[in-house]
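No lab work stands behind these numbers, since they all come straight from the coordinates. Being a predicted model, the structure only gives us computed values, none of them experimental. Using ideal geometry, Cβ is built from the backbone for each residue, glycine included, and neighbour counts are taken over all protein chains shown.
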Amino acid sequence: MKRVITFGTFDLFHIGHLNILRRAKEQGDYLIVGVSSDELNEKKGKKSIIPLKDRIEIVKSLTCVDEVFIEDSLELKDEYIKKYNAELLVMGDDWKDKFNWVSCNVKYLERTPNISTTYLKNSIAMVYKD
Ligand code: C2G
């Protein structure tokens, strides 16, 4: 059974998130997802709108996802890979070559165009600007 791992914030969950999780699952049989903690997001310079607990519930409920855990640090990637016995790390290509140092194989999949959490935040801000 091939175990695949991926990571993300999954704030304001959208179709780009669903697509990458589905495609990550297609790379193997069992998909493990690390969801970034609110503290890690702040370190990445992001402030998540949806709290960690809810982001976890949403990701956990997807049929393509088998297991979810909290990602506390970008540097711990290899520890998570070993702990969950993953053979393949999948990330979107905005992370291209950033995680080539881990001990398992890595695949960077093309991002879904024209959708992002930032785009959603900006669109909402525009609609409610007055
Ligand atoms: N993604 C995508 N298409 C989009 C938007 C996002 O394929 N239009 C992918 C990203 O490439 C990433 C995943 O969805 O692989 C999660 O994206 P984010 O929630 O933005 O996660 P990020 O903050 O990049 O966190 O350890 C790595 C980080 O935790 C990843």
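Laid out as a table, the results:
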| item | result |
| --- | --- |
| Extension gain (nm, one decimal) between GLU67 and LYS2, 0.36 nm per residue minus Cα-Cα | 22.0 nm |
| Set of aspartates and glutamates with alpha-carbon distance to LYS83 below 18 Å, sequence-local pairs under 8 removed | ASP29, ASP66, GLU67, GLU71, ASP72, GLU75 |
| 0 to 90° range, to nearest 10: angle between helix 15-26 axis and the chain longest Cα axis | 10 degrees |
| D (Stokes-Einstein, µm²/s), Kirkwood Cα radius, the stretch 25-128, 1.567 mPa s at 4 °C | 85 µm²/s |
| Length-normalised contact order for the chain - Cα pairs under 8 Å, 6+ apart - percent | 30 percent |
| For the chain, size of Cβ-based charge dipole, Lys and Arg +1, Asp and Glu -1, in debye | 200 debye |
| Label zone at TYR128 (point 7 Å along Cα-to-Cβ), backbone N below 13 Å, the stretch 32-62 | 49-50 |
| The stretch 72-87 and the stretch 9-68: distance between their alpha carbon centers, rounded to Å | 15 Å |
| Electrostatic dipole magnitude of the stretch 67-130 [Cβ: Lys, Arg +1; Asp, Glu -1; Cα centre; debye, to 20] | 180 debye |
| Signed unit charges on C-beta, dipole axis of the chain, positive-most listed residue ALA125, LEU76, ILE58 | ALA125 |
| Per-residue HN-Hα couplings for the stretch 107-119 [Karplus 6.51, -1.76, 1.60; θ = phi - 60°; Hz; x = Gly/Pro] | 10, 9, 9, 4, 5, 6, x, 6, 8, 6, 4, 4, 4 |
| Residues of type lysines that LYS82 reaches as a straight line, Cα spacing below 28 Å, ignoring anything fewer than 8 places off in the same chain | LYS2, LYS25, LYS43, LYS44, LYS46, LYS53, LYS60, LYS96, LYS98, LYS107 |
| Per-residue ³J(HN,Hα) for the stretch 33-46, Karplus 6.51 cos²θ - 1.76 cosθ + 1.60, θ = phi - 60°, Hz, x for Gly and Pro | 10, x, 9, 4, 5, 4, 5, 4, 4, 4, 5, 7, x, 10 |
